[in-house]
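Colleague: Please find one structure pasted underneath; my questions will follow.
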Amino acid sequence: MASLSRGKRPSPIPAIKRIQLEDPGVEPLVPDHFRCPISLDLMHDPVTASTGITYDRKSIETWLERGNLNCPVTGQPIDIHELIPNHSTRKLIQLWCVENRSLGVERISTPRIPISPLEASEILSQVSLASRRGDSYRCGNLAMKLKEIGKESERDKRCLAAAGAPHTLSGAFSQLAGESSESSKALGDLEKILSSLVVFFPLDIEAKRWLISPGSLKSMVLILKYGDLSGRLSTILVLREVTSTLDSASLESMSKTNGLAEALTMLVEKPISPLATKASLVTIFYLISSNERAASRFVGLGLVSLLVDTLVDCERSMCEKALAVLEGLFQCEKGRERGCEHALTVPVLVKKVLRISDMATEFSVSALWRICKGCKKNCIMEAVQVGAFQKLLLLLQVGCNGVTKERASELLKMLNGSRGSAECIETVDFKGLKRSFD
């Protein structure tokens, strides 16, 4: 079929339909002026540069963001902020799509006009003003508008982030959290702000400082306890993001927040989604790192037992995170005691060695080393029974480095003295285990 001329409605539709009847595999020929000169694909959001050449917005913006400053066709300088939507071409493309719908062509929706830096600054100024006035309702609605804009377009997301969206939203949350009541309406507005914040990860250190204020943490604990599912998910994702780069002093102070440990443990005990559970485990991991008091607090809430039960049957990512937290809990004496008391602790740890991933093996060996070194002799005997000695030997033969190698070697010395008095049993399915599963 001959190429259609610019600006004219495609006329040979009946001919295309006849071709389709003869050969259903035939696709309609896309007119050349509907194709982007960069991608050569049908344009979804045509824009015209100052040189008069029309491109698909995504293609030309990507071209310019990679450091190219000239028009790909003419070689003349162009600016990303001078791109003008070509509505006439876009309407012609949409009409062509409708006329070729019978051939499987989907209609292209009308794109949103990208937000400008000035518009982004204006919206963020409104957020700041609403938070200073204590208007949580207005602030929540503006936050949802920012979330919608950021999710719809990567370019708009970058524009809002460059204008300071993460810092503005974090500051608004902190200010409203310190002033608002504990009513469900106020918490609902705060949930909207956190939901919007998730879109603009990663957060800078200044934004994180706003979020670890006492008032902010108190409100986040309340949302974790009483918020809806989406609000609780947004909150734990924000907490994971915040704790990931905090210094030890800030983490220690944060771990003392009233009710935080209980709320995080509840997400492990009663999961609302795998993503929320993993985020909770990562948050706990950072909070207990080099902090025995925080670790002891989580042990007292029954987290050791919850983690061991989780590890019996879980996918790789969840397994690695649960092992990391369990190893951290074993740094305190109380955690090691709870580990020894649980029937499946040692068998589970041995089973995970050389079975899931290198990371899981490292955490398993370290946790096993802590529990065997710090508990009674029955843990060592049990480790020998479930095949720890053979697995550790194999691990050293296969190869491991650093702390894992040192701890595996030390474990072998501890286990060697008990090999003669213990009968080795299969660990793959915990066969032969003499303890109860209850």
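The values are calculated or read from the model by the stated rules, or taken from the named source; none is laboratory data. These numbers were taken from a predicted model, which means no experiment stands behind them. For neighbour counting, all protein chains shown are included, and Cβ atoms are generated from backbone atoms with ideal geometry for every residue, glycine included. We work out accessible area using only protein heavy atoms, side chains counted, and drop any ligands, DNA or RNA first. Shrake-Rupley method; radii C 1.70, N 1.55, O 1.52, S 1.80 Å.
Colleague: Of the residues 189, 32, 56, which exhibits the maximal mean-square fluctuation in a Gaussian network model of the chain defined by a 10 Å Cα contact cut-off?
Modeller: Its mean-square fluctuation being the largest, the pick is 32.
Colleague: Which one, 272, 50, 207, projects farthest toward the positive side of the charge dipole computed for the chain from Cβ point charges (K/R +1, D/E -1)?
Modeller: Towards the positive end, the residue furthest out is 272.
Colleague: Computed FRET efficiency, Cβ-Cβ of residue 138 and residue 355, R0 45 Å: what is it to the nearest 0.05?
Modeller: In this case the efficiency is close to 0.25.
Colleague: In deg cm²/dmol and to the nearest 500, what is the mean residue ellipticity at 222 nm of the chain if only DSSP H runs of at least 4 residues count, each as -39500 (n - 2.57), divided by the residue total?
Modeller: On the way: 23 runs with 274 residues, N = 438.
Only helices count here, giving -19500 deg cm²/dmol.
Colleague: Report the residue, chosen from 297, 101, 355, that carries the largest GNM mean-square fluctuation when the chain is represented by alpha-carbon nodes joined by springs under 10 Å.
Modeller: Of 297, 101, 355, the most mobile in the Gaussian network model is 101.
Colleague: Non-local amide H neighbours of residue 50 (under 5 Å, H modeled in plane, Pro and chain starts lacking H): which ones?
Modeller: 79
Colleague: To the nearest 20 Debye, how big is the dipole of segment 309-379 about its Cα centre, given +1 on the beta carbon of each Lys and Arg and -1 on that of each Asp and Glu? Spell out each step's value before the answer.
Modeller: Values: 12 positive and 10 negative charges, 60 e Å.
Value, rounded to 20: 280 debye.
Colleague: Now a separate question. Ignoring ligands, DNA and RNA, what percent of the accessible area of the chain is carbon or sulfur (1.4 Å)?
Modeller: That share works out to 51 percent.
Colleague: Grab the Cα-Cα distance for residue 225 and residue 27, subtract it from 0.36 nm times how many residues apart they are, and report the gain in nm with one decimal. Don't jump to the answer; show the numbers that get you there.
Modeller: Numbers: separation 198, 0.36 × 198 = 71.28 nm, distance 5.50 nm.
Going from the current span to full extension adds 65.8 nm.
Colleague: Let me ask something else about it. Just name one of 160, 68, 116: the one whose Cα is farthest towards the positive end of the charge dipole of the chain (beta-carbon charges, Lys/Arg +1, Asp/Glu -1).
Modeller: 160
Colleague: Right, another one. So how much slack lies between residue 252 and residue 394, counting 0.36 nm per residue of separation and subtracting their Cα-Cα distance, in nm? Intermediate results must be reported in sequence, preceding the final value.
Modeller: On the way: separation 142, 0.36 × 142 = 51.12 nm, distance 3.87 nm.
Length gained between residue 252 and residue 394: 47.2 nm.
Colleague: Once you've got the GNM for the chain with C-alpha springs shorter than 10 Å, pick whichever of 219, 131, 102 has the biggest mean-square fluctuation.
Modeller: Checking each option, the largest mean-square fluctuation is seen for 102.
Colleague: If you count only protein heavy atoms with a 1.4 Å probe, what accessible area per residue comes out for the chain, rounded to a whole Å²?
Modeller: Heavy-atom accessible area per residue stands at 49 Å².
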